[in-house]
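Colleague: Mind having a look at this structure? Questions to follow.
The values are calculated or read from the model by the stated rules, or taken from the named source; none is laboratory data. Quantities reported herein were computed from a predicted structural model and do not represent experimental measurements. Note that we place each Cβ from the backbone using ideal geometry, even for glycine, and neighbour counts take in every protein chain shown.
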Amino acid sequence: MAELTYREAVAEGIAQEMRRDEDVVFLGEDIGAAGGVFKATVGLLKEFGPVRVRDTPISEQAILGAAMGSAMTGLKPIAEIMFSDFLAVCWDIVANEIAKARYMTGGQMSMPLVIRTANGGGSRFGAQHSQSVENWAMMVPGLKVVAPSTPADVKGLLAAAIRDPDPVMFFEQKSLYPIKGEVPDGELVDELGTAKVLRDGDDVTICALAAMVPRAIQAAEILSSEHGIEATVVDLRSLVPLDTKTILRETAKTGRLVTVEENPRLCGWGAEVASIVADENFWDLDGPVIRITTPHIPLPAADELEDATMPSADRIVREVSEKID
Amino acid sequence: MASKPKAAKGEGRAKASRKKTSAKAKSLANDDIGEETRLKLWRSLLEIRHVEQRAYDLFLQNLIKGTSHLALGHEAVAAGFATAMEKDDWTFCTYRGHHHTLARGASMEGVLGELMGRECGLLQGKGGSMHLTSVEHGAMGSYAIIGAHLPIAMGAAWTSQYKSTGQVSVCFFGDGTTNIGAFHEALNMAAVWKLPVVFVCENNLYMEYTPIGDVTAVENPAGDRAGSYGLPKIVIDGNDADEVYRTAQEAYAKARAGDGPSLIECLTYRHSGHSRADPGDYRPPGELEAWLKKDPVPRYRDRLADFGIDKKVIDGIDEKVMQQVEEATEISKASPTPSLELIEKDVWADGGVAWRN
């Protein structure tokens, strides 16, 4: 076991796969010589050279077009979109082209590519560099959607995403880049579409993703010590495929579901999870589903405003303790 | 490659030579294109012309639904570029892509069947007119969002550069595409990375219903932008299959030599409206008639005669192609509608559509 930061795990995951497969290439803005604006790709240019690790102009459509064109002709590209907000300028390539090519052509095309991007708030960057947009990707048929919360999951899920024959949107939560965690030594390949139960409790099931996972765990400890409420915490890790078996099993066990998401209120992934549980676990529920989200507003920049906007451990504790007795 | 003169010159040569057929016929052996290739070009022109006309007829019979963008008038661009390609080169085109798909060798029933939503269609009815694709023929997709496929073609060229395969990606688009961001992003990156990709603008003078000159800052929408990416300005007569073929050869040779992309503007004209819904009323009187005089198909028929090729051979190919179109039409009409099982197939590489366990 080695202790790695979340950002180091990104580079480790990419390097592990580039070492084993010559067809894996990596492109994006400032990813090579600069090592990434979040320093998540340090060392890759040095190890793999400028033919496989390619710095690009600020041309997001060209970056993702290059990824798609190379993926459909035999490479396995990893493309970085520096901030997930920038997906809006190349969403055509993602939603209209990459996601639909296999289906529209009756299976003639394969799209083994990964789009990595720094997602989410907590870094005081304001509304155009802080959005949590994994739900945009979740809505488009043909995209797999992954969002890890720990360094070990970053490395293992990134490796799995690179090996996956389908397009994977890989959302790294940018405020998590400095966090540290134990990562198993040697080759690490996880499985997409699998949630993890991180804490076991009998009273309520909290489903969370990415940066909301450590907050949910912290909230669960406070709920236990201060309110006598024991929470199960499920890290979804992947929205597509969605591990509904784990969600339904863990919700049936406690009879209560809480979703904690960074998304603005409307059509966040929590709404889909709530809908599935209401459809399929209705008779196991002991009370209404609780959705904890960012309000339906653009994310503000200042410390106090951003902190008061995104779901915090305190807010999770407050909402859960008030609504569950 | 320097800037090329426009249509008039080549046309003038052809007309002049018509009067002295026998002299021209004697020089056939020294011709850079040659009879065999010319007959290939001829067949390709006819296949496109007759299939597109048939598609139009099938619309009127309500056997083709949705929309469709015919390439009547654009035949020489597709025939010239495709005939100059190697088998494993890759074509990327737009929603106006029937001609490019046919030119790579996709079957007529594959094209007509897809337009009619039949099982025999290239995509078994899942894509429709605007998404014709035949990967086995190197027809790597028809893209219905303006500009999207320029970066995608550039990406395919990255594969051939990375793997040193010598394959060229050829990307066709209309004049309207030159005003969208993806065009400029792709041109720049392809030039910086020196990728083996050939960008071909089919300038038919109209972006959908609007004259391209009314909405573009330069006279040649593609040609005048080439300098921005360190590329020579190339504007050619897109209704002259020979000129297109020769230009394609040069661009492919440059790409295969590792000397990077080309941007070629082909001047042409669509004989019908933008799409099924458009009668083309916005065109000034006389414009269509003037362009019909430069119709690439009869023009090439004259060219073949100028080179002394037997009329029987020329007409024989025409008859054979018409017969193929008839057969393809019957096959498509007889083909069943697609199985409903296809709805839940092929979102993922495992063949399925599951998003949950």
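Colleague: Residues that are farther than 28 Å from B:Val198 by Cα and touching a residue at least 24 places away in the same chain (Cβ under 8 Å): does segment B:263-276 have at least one?
Modeller: Looking through segment B:263-276, at least one residue is farther than 28 Å from B:Val198 by Cα and touching a residue at least 24 places away in the same chain (Cβ under 8 Å).
Colleague: Please go through segment B:85-101 and give me each residue that is surrounded by fewer than 24 Cβ atoms within 10 Å (Cβ to Cβ) and either away from chain A (no Cβ under 14 Å) or at positive phi (or both), ordered by number.
Modeller: Answer for segment B:85-101, where residues must be surrounded by fewer than 24 Cβ atoms within 10 Å (Cβ to Cβ) and either away from chain A (no Cβ under 14 Å) or at positive phi (or both): B:Met85, B:Glu86, B:Lys87.
Colleague: Quick check on A:Lys196: is it basic (Lys, Arg) and more than 18 Å from A:Val10 (Cα to Cα)?
Modeller: It is true that A:Lys196 is basic (Lys, Arg) and more than 18 Å from A:Val10 (Cα to Cα).
Colleague: Now for a separate question. Considering only residues of segment A:286-325 that are small (Gly, Ala, Ser) and assigned to a loop (DSSP other than H, G, I, E, B), which is farthest from A:Gly122 (Cα to Cα)?
Modeller: A:Gly287
Colleague: While we're looking at this one, here's another question. Based on what the data block shows, is A:Val53 in the same structural domain as A:Pro165 (by TED's automatic domain parsing), under 21 Å from A:Pro167 (Cβ atoms) and touching an Asp or Glu at 6+ places or on another chain (Cβ under 8 Å)?
Modeller: When the stated conditions are applied, A:Val53 does not pass them.
Colleague: Applying the selection to segment B:117-139, what residues are more than 7 Å from chain A (Cβ to nearest Cβ), touching a helix residue (DSSP H, G or I) at 6+ places or on another chain (Cβ under 7 Å) and farther than 15 Å from B:Thr337 by Cβ?
Modeller: Matches in segment B:117-139: B:Leu122, B:Ser129, B:Leu132, B:Ser134, B:Ala139.
Colleague: Out of segment A:52-62, which residues are facing another protein chain (nearest Cβ under 7 Å) and either over 16 Å from B:Ile146 (Cα atoms) or touching a residue at least 40 places away in the same chain (Cβ under 8 Å) (or both)?
Modeller: Scanning segment A:52-62 gives A:Thr56, A:Pro57, A:Ser59.
Colleague: Of the residues in segment A:279-308, how many are exposed (fewer than 13 other Cβ atoms within 10 Å of the Cβ), over 23 Å from the mean Cα position of the chain (by Cα) and within 28 Å of A:Glu250 (Cβ to Cβ)?
Modeller: Counting residues in segment A:279-308 that are exposed (fewer than 13 other Cβ atoms within 10 Å of the Cβ), over 23 Å from the mean Cα position of the chain (by Cα) and within 28 Å of A:Glu250 (Cβ to Cβ) gives 6.
Colleague: When you check B:Gly105 against the structure, is it away from every other protein chain (no Cβ under 11 Å), of a type in the set (Gly, Ala, Ser) and not in a helix (DSSP H, G or I), yes or no?
Modeller: Yes, satisfied.
Colleague: Which of the residues spanning segment B:151-191 are within 7 Å of chain A (Cβ to nearest Cβ) and touching a residue at least 24 places away in the same chain (Cβ under 8 Å)?
Modeller: B:Pro151, B:Ile152, B:Ala153, B:Met154, B:Ala156, B:Trp158, B:Gly181, B:Ala182, B:Glu185, B:Ala186, B:Asn188, B:Met189, listed by residue number.
Colleague: If you go through segment A:130-151 one residue at a time, do you hit one that is in contact with a Pro (Cβ under 7 Å, 6 or more places away or on another chain), closer than 17 Å to A:Glu3 by Cα and assigned to a helix (DSSP H, G or I)?
Modeller: No, segment A:130-151 has no match at all.
Colleague: Out of (1) in contact (Cβ under 8 Å) with a residue 12 or more places away in the chain; (2) out of contact with any His (no Cβ under 7 Å at 6 or more places or on another chain), what's the single condition that is false for A:Ser275?
Modeller: Answer for A:Ser275: the failing condition is (1).
Colleague: Go through the residues of segment A:63-72 one by one and say whether even a single one is crowded, with 23+ Cβ neighbours inside 10 Å, touching a residue at least 24 places away in the same chain (Cβ under 8 Å), under 22 Å from A:Lys174 (Cα atoms) and assigned by TED's automatic domain parsing to the domain that holds A:Asp164.
Modeller: There is at least one residue in segment A:63-72 that is crowded, with 23+ Cβ neighbours inside 10 Å, touching a residue at least 24 places away in the same chain (Cβ under 8 Å), under 22 Å from A:Lys174 (Cα atoms) and assigned by TED's automatic domain parsing to the domain that holds A:Asp164.
Colleague: In segment A:240-267, which residues are more than 17 Å from A:Ala137 (Cα to Cα) and touching a helix residue (DSSP H, G or I) at 6+ places or on another chain (Cβ under 7 Å)?
Modeller: Across segment A:240-267, the qualifying residues are A:Thr244, A:Ile247, A:Leu248, A:Thr251, A:Ala252, A:Gly255, A:Leu257, A:Val258, A:Thr259, A:Val260.
Colleague: Taking A:Phe171 as meeting all but one of (1) under 10 Å from the mean Cα position of the chain (by Cα); (2) aromatic (Phe, Trp, Tyr); (3) in a helix (DSSP H, G or I), write down the number of the exception.
Modeller: (3)
Colleague: Provide a single number: the residues in segment A:130-168 that are among the acidic types (Asp, Glu) and closer than 13 Å to A:Ile98 by Cα.
Modeller: Residues that pass the stated criteria total 1.
Colleague: Out of A:Leu158, A:Leu188, I need the residue that is in contact with a helix residue (DSSP H, G or I) (Cβ under 7 Å, 6 or more places away or on another chain) and surrounded by fewer than 24 Cβ atoms within 10 Å (Cβ to Cβ). Which one?
Modeller: Matching residue, one of A:Leu158, A:Leu188: A:Leu188.
Colleague: In this structure, does B:Glu114 turn out to be free of Cβ contacts under 8 Å to residues at least 24 places away in the same chain, crowded, with 21+ Cβ neighbours inside 10 Å and within 14 Å of another protein chain (Cβ to nearest Cβ)?
Modeller: Judged against the criteria, B:Glu114 is a match.
Yes/no per residue for (1) in contact with a helix residue (DSSP H, G or I) (Cβ under 9 Å, 6 or more places away or on another chain); (2) farther than 25 Å from B:Thr165 by Cβ:
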| position | (1), (2) |
| --- | --- |
| B:Gly223 | no, yes |
| B:Val244 | yes, no |
| B:Glu250 | no, no |
| B:Ala253 | no, no |
| B:Glu265 | yes, yes |
| B:Asp281 | no, yes |
| B:Pro285 | no, yes |
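Colleague: Still on this structure, please answer the following. Give the number of residues within segment A:1-37 that are part of a strand (DSSP E or B) and at negative phi.
Modeller: 8
Colleague: For A:Glu97, only one of the following conditions fails: (1) away from chain B (no Cβ under 11 Å); (2) of a type in the set (D, E, K, R); (3) without any contact (Cβ under 8 Å) to a residue 40 or more places away in the chain. What is its number?
Modeller: The single condition A:Glu97 does not satisfy is (1).
Colleague: A:Val277 - would you say it is touching a strand residue (DSSP E or B) at 6+ places or on another chain (Cβ under 7 Å), farther than 27 Å from A:Ala40 by Cβ, in a helix (DSSP H, G or I) and β-branched (Val, Ile, Thr)?
Modeller: It is true that A:Val277 is touching a strand residue (DSSP E or B) at 6+ places or on another chain (Cβ under 7 Å), farther than 27 Å from A:Ala40 by Cβ, in a helix (DSSP H, G or I) and β-branched (Val, Ile, Thr).
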